[in-house]
1. So the check is Cβ under 7 Å with 6+ separation or different chains; which pairs have a first residue in region 277-293 that's open to solvent by less than 50 Å² (accessible area, probe 1.4 Å) and a second one that's among the aromatic types (F, W, Y) and in a loop (DSSP other than H, G, I, E, B)?
2. Kindly indicate which of V156, V132 is aliphatic (A, V, I, L, M) and free of Cβ contacts under 8 Å to residues at least 60 places away in the same chain.
3. If I filter region 143-169 down to residues being open to solvent by 50 Å² or more (accessible area, probe 1.4 Å) and at pLDDT 95 or above, which single residue comes out as nearest to Y18 (Cα to Cα)?
4. For F207, all conditions in the list (1) closer than 17 Å to I65 by Cα; (2) surrounded by 21 or more Cβ atoms within 10 Å (Cβ to Cβ); (3) not β-branched (V, I, T) hold save one; what is the number of the exception?
5. Picking from F222, F265, F260, which residue would you name as being surrounded by fewer than 23 Cβ atoms within 10 Å (Cβ to Cβ) and of a type in the set (F, W, Y)?
6. Quick check on region 13-71: of everything there that is closer than 20 Å to C143 by Cα and basic (K, R), which residue is nearest to the chain's Cα centre (by Cα)?
7. Consider region 18-40. How many of its residues are open to solvent by 20 Å² or more (accessible area, probe 1.4 Å), in a loop (DSSP other than H, G, I, E, B) and in contact (Cβ under 8 Å) with a residue 60 or more places away in the chain?
8. Could you say which residue among K92, K136 is under 18 Å from the mean Cα position of the chain (by Cα) and either modelled with pLDDT under 95 or in a loop (DSSP other than H, G, I, E, B) (or both)?
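The values are calculated or read from the model by the stated rules, or taken from the named source; none is laboratory data. Here the structure is a predicted model, which is why all the values come from computation and not from measurement. Because the Cβ atoms are built from the backbone with ideal geometry, glycine has one as well, and the counts that use them run over all protein chains shown. Surface areas here come from the heavy atoms of the whole protein model, side chains and all, with no ligands, DNA or RNA. Shrake-Rupley method; radii C 1.70, N 1.55, O 1.52, S 1.80 Å.
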Amino acid sequence: MKQVTISTPFITLIVLDYGALIQKLLVKDKDGNSTNVVVGKVFPSDYPFDNKALGASIGRYAGRISNGGFELDRETYPLYEQKGIHLHGGKKGFHKRDWTIEEVTHGREPYMRLSYLSTHLEEGYPGNLRAVVTYKLVNNTLCITYEATTDRTTVVNLTNHAYFRMDNASKINDYRLQLNCSKMVETLADKLPTGKIVTVSDTPFDFLQEKEIDSVRLDIPFVIDPNSKFAAKLSSEKSGVSLTVKTNQPAMVVYTPLEFPAICFEAQNYPDAPNHKNFPSSVLRPGELYQNISEFTFDLV
């Protein structure tokens with residue numbers, strides 16, 4: 001595996017070519033100390049055995065797809081599934097692939113660019129899809145841009161799966177969270193969408209006003225309110241670090257794992273969009289450019 005580091009006076013980012021994943025993201029806390037705000041493995045050699053997609057690039061389709069596949073242009077494409085669910089691109093999604101480091105530039109606004117070519121019918125998806133991720137640091141902001149092109153009509157939904165941990169506490173209950181998401185995708189017990197969009201009102205998942213996460217555990221596809229200045233804000237009084245998330249995507253899966261204290265903001269399209277015509281389209285055709293542009297800005301509370 002290859003490891004690449006870029007930094008500004010505010011942020012240091014360490015990325016591996018395996019899974020184009022974020023291994024470490026160091027920011028300054030209120031005491032001026034560098035703190036790693038993502039969950040990761042100490043040794044790169046441990047990542048092939050990771051089953052939580054720590055910091056990884058997810059594709060071809062982030063999230064869940066139902067029915068063992070999808071229909072596109074009157075053709076059916078079967079996908080790998082477990083208990084009726086295709087998750088995060090299949091048995092060997094993009095997060096388990098070796099990406100190519102295309103470019104690394106240091107300087108005032110350093111960036112790195114990695115690419116991966118997913119061949120026709122890899123994991124069942126049509127088309128040769130070229131995916132590119134650019135990690136760029138602008139002062140105290142990490143900009144993540146996913147782009148993709150295809151030579152055949154396909155579906156695509158890329159995201160980053162970083163687990164943010166704002167301090168070294170054993171729980172995230174004291175984190176303060178705000179989500180500019182007044183609606184969410186209704187899901188069943190297995191987290192597959194019903195096709196309905198429902199309000200967060202009168203549910204534990206209403207974070208329209210900033211409040212402590214407390215005992216609420218999340219695995220929810222939230223619909224981001226249009227024209228919002230940001231999608232999410234998170235802060236820890238213990239470290240004094242805050243995070244603001246902005247994205248051009250229509251949804252964001254907010255996920256808090258049971259195994260360790262952290263929270264994911266997976267900016268993306270709706271889960272299972274290929275099987276729900278009323279969801280935003282995930283179809284990418286030849287000549288078109290897919291783009292997921294997300295910004296993660298760190299500051300002090």
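1. Sorted first by the residue in region 277-293, then by its partner, the pairs are F279/Y270; P280/Y270.
2. Details: V156 fails: free of Cβ contacts under 8 Å to residues at least 60 places away in the same chain.
Unique residue meeting the criteria: V132.
3. Taking the candidates together, the pick is E147.
4. Looking at each condition in turn, F207 falls short on (1).
5. F260
6. K24
7. Here is the first cut: in region 18-40, the ones open to solvent by 20 Å² or more (accessible area, probe 1.4 Å) are 18, 24, 26, 28-36, 39-40.
Imposing the further condition that a residue be in a loop (DSSP other than H, G, I, E, B) reduces the set to 29-33, 39-40.
Subset that is in contact (Cβ under 8 Å) with a residue 60 or more places away in the chain: 29-31, 39.
Number of matching residues: 4.
8. Working: K136 fails: either modelled with pLDDT under 95 or in a loop (DSSP other than H, G, I, E, B) (or both).
Step by step, each of K92, K136 is checked, and only K92 is under 18 Å from the mean Cα position of the chain (by Cα) and either modelled with pLDDT under 95 or in a loop (DSSP other than H, G, I, E, B) (or both).
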